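Chemist: This is the structure I want to talk about, given as structure tokens.
Quick note: the coordinates plus some simple rules give every number you see, no bench work behind them. Quantities reported herein were computed from a predicted structural model and do not represent experimental measurements. A quick note on method: Cβ atoms are made from the backbone with ideal geometry, for glycine too, and the neighbour counts reach across all protein chains shown.
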Amino acid sequence: MYPQIFTAAKGVDQAFLIILGFAVFILVAVTVTMIYFLWRYHYTRNPKPTNIEGSISLEIIWTVLPTLIVLGLFWTGWTSFKAMRTIPEGAMTVAVEGRMWSWRFTYDNGKTSKELVIPVDTPVKLDLTTRDVIHSFYVPAMRVKWDMVPGMDTNAWLQSDTVGDYDIFCAEYCGLKHADMITLLRVVEQEDFDNWVNAKAEPAEEELGMSLLEEFGCFECHSMDLSEESAPSLLDLGSREETVILPDGTEKKIKPDEAYIRQSVREPGAILVKGWDDMMPAYGDELSDAQLGVMAAYLLKGGQGKNKGAVLADELGCMGCHSDDGTDDVGPSFLGLYGSERKGKTADGKPYTLKADDDYIHKAIVDPSADVPDGYEDQMPAFDDLEPGSVEQLIGYIKSLAKKDAE
Ligand code: CUA
């Protein structure tokens, strides 16, 4: 049998074995008796029929015995079921959201994860919800399986006595990629769990680079997508080529590197990107060399897929249906989507043709059923409950994947 790590569910295995044992016993007993009767009461051995009257004792035995067996089987099943449905006081709570076709686990401190990480020997209550259709949370190693029904709050609990990685499946057919709705249950030591749950989602350095850019107000003018309203975009700086105007007025093509970024921050007026005025304030002592180094490293690495929207798109499960490489899957690819011409039908069946702009993508995220592009099913769940700013970040990410000449 599959390894079993949930003490309260050990009764489930027991009930299974007892029921299986009885079933095998009854199968053998009935078969053997039947064969014996075939032989014993064959007409060659009993040429004259006998009239058999009823037997009270036999009637009683074959009524009472099966009743006791069935009640016994019910009892073993019921006790194990009850143990699995009685959530211990003080259990740690994790919110589990299922959606086509991924999972999201949210912890009390707001931490979210695509995998379920829990400390060993600790009872964990799971609040199960779904964003769209019926899914079923299933951990074979725990014998835990519970449906997640739209509009209904269900729950389950589990507790592992063993450290390790175990499968989590969706056990309810929920559409095209139901089979991909797989994730991991990671059971770790309490100390490792504490470190994990209190750690920030992004790697420290990346987080630091981003927060420095925010702290110094860089995003007041620069964007991390392709929009360039008042200053050059900072997206993909490491792989870009810029035409700059040197102090002597000559033009030169350069690839931004750390030295260039350092200079652009300390003396922004010295070398200007072609097409932009000398508007940026110079940053002096308020920004240390070390901080500048972190910022430059972040910008040089921080291309597509490194911005917050990309992290969010991954975390929210967008990438389960949308690709970033141009392959159209269950949903259209994000690559080249922004600014492209979209044909489709509105909720009341009216055909439309329009350009994918901010408004279009905003609507596609919060109310996807309103405009369904041709060639796709109306099956995307609405993301109308995201944190403030999240939709804008997602739009920024999709914009960053626009064809470069789309804007
Ligand atoms: Cu979700 Cu199958």
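Chemist: About its Cα centre, how strong a charge dipole does the chain have in debye, to the nearest 20, once Lys and Arg get +1 and Asp and Glu get -1 at the Cβ?
Modeler: Around 2860 debye, computed over the chain.
Chemist: Under 5 Å between amide hydrogens, which residues at least 5 positions from TRP157 or on another chain qualify, with H placed 1.01 Å from N in the peptide plane?
Modeler: Result for TRP157 returns LEU126.
Chemist: Using the Karplus curve 6.51 cos²θ - 1.76 cosθ + 1.60 with θ = phi - 60°, work out ³J(HN,Hα) for each residue of region 137-153 in order, rounded to whole Hz, and write x for Gly and Pro.
Modeler: In residue order, the calculated couplings are 7, 9, 10, x, 5, 9, 6, 9, 8, 9, 6, 10, 10, x, x, 10, 9 Hz.
Chemist: Okay, next question. For THR93, enumerate residues with amide H under 5 Å from its amide H, sequence gap 5+ or separate chain, H modeled in the peptide plane.
Modeler: LYS125
Chemist: Relative to the compact globular guide of 2.2 N^0.38 Å, what is the alpha carbon radius of gyration of region 18-133, as a ratio?
Modeler: 2.04
Chemist: For the Cα atoms of the chain, what angle does the longest principal axis make with the long axis of helix 204-215, in degrees from 0 to 90, nearest 10?
Modeler: Long axis of 204-215 versus the principal axis of the chain: about 50 degrees.
Chemist: Go through region 77-90 residue by residue and turn each phi into a ³J(HN,Hα) via Karplus (6.51, -1.76, 1.60, θ = phi - 60°); whole Hz please, and just put x for glycine and proline.
Modeler: Rounded to whole hertz, the list is x, 5, 5, 6, 4, 5, 4, 7, 9, 9, 7, x, 4, x.
Chemist: For every helix of n ≥ 4 consecutive DSSP H residues, a contribution of -39,500 (n - 2.57) applies; sum these over the chain, divide by its total residues, and give [θ] at 222 nm rounded to the nearest 500 deg cm²/dmol.
Modeler: One gets -10500 deg cm²/dmol as the mean residue ellipticity at 222 nm.
Chemist: Around ALA171, which amide H atoms from residues at least 5 apart in sequence, or from another chain, sit under 5 Å from its own amide H, with H modelled in the peptide plane?
Modeler: Correct list: SER136, PHE137, TYR138.
Chemist: What residue among SER102, SER211, SER55 has the largest mean-square fluctuation in a Gaussian network model of the chain, using Cα springs under 10 Å?
Modeler: Taking springs between Cα atoms under 10 Å, the residue moving most is SER55.
Chemist: Further, regarding this structure: Only Cα pairs within less than 10 Å get springs; with that Gaussian network setup on the chain, which residue of ALA179, ALA270, ALA171 has the largest fluctuation?
Modeler: ALA270
Chemist: Please give the helix 10-40 orientation as an angle from the longest Cα principal axis of the chain, in degrees from 0 to 90, rounded to the nearest 10.
Modeler: That works out to roughly 40 degrees.
Chemist: Could you tell me the center-to-center distance, by alpha carbons, between region 48-74 and region 1-21 in angstrom?
Modeler: Cα centroid to Cα centroid, the span is 31 Å.
Chemist: Using Cα-Cα distances under 8 Å and only pairs 6 or more residues apart, what relative contact order does region 308-406 have, in percent?
Modeler: Computed over region 308-406, the figure is 32 percent.
Chemist: Going highest first, how would you order 393-402, 232-241, 250-259 by mean Cβ packing within 10 Å?
Modeler: Top of the packing list down: 393-402, 232-241, 250-259.
Chemist: Can you compute the radius of gyration and Dmax for the chain, using only the Cα atoms, both in Å?
Modeler: For the chain, the Cα radius of gyration and maximum Cα-Cα distance read 32.2, 126 Å.
Chemist: While we're on this one: In whole Hz, what ³J(HN,Hα) sequence does region 250-256 give by Karplus (6.51, -1.76, 1.60; θ = phi - 60°), x for Gly and Pro?
Modeler: For region 250-256, the Karplus-derived couplings read 7, 8, 8, 8, 10, 9, x Hz, x marking Gly and Pro.
Chemist: In terms of the Cα gyration tensor, with a ≥ b ≥ c the square roots of its eigenvalues, is region 248-407 rounded because a/c is under 1.5, prolate because a/b exceeds b/c, or oblate?
Modeler: prolate
Chemist: Please identify, among VAL24, VAL294, VAL391, the residue showing maximal mean-square fluctuation in a Gaussian network model of the chain using a 10 angstrom Cα cutoff.
Modeler: Of VAL24, VAL294, VAL391, the most mobile in the Gaussian network model is VAL24.
Chemist: Further question: Please compute the contact order of the chain in relative form: average sequence separation of alpha-carbon pairs under 8 Å and at least six residues apart, divided by the residue count, as a percent.
Modeler: 11
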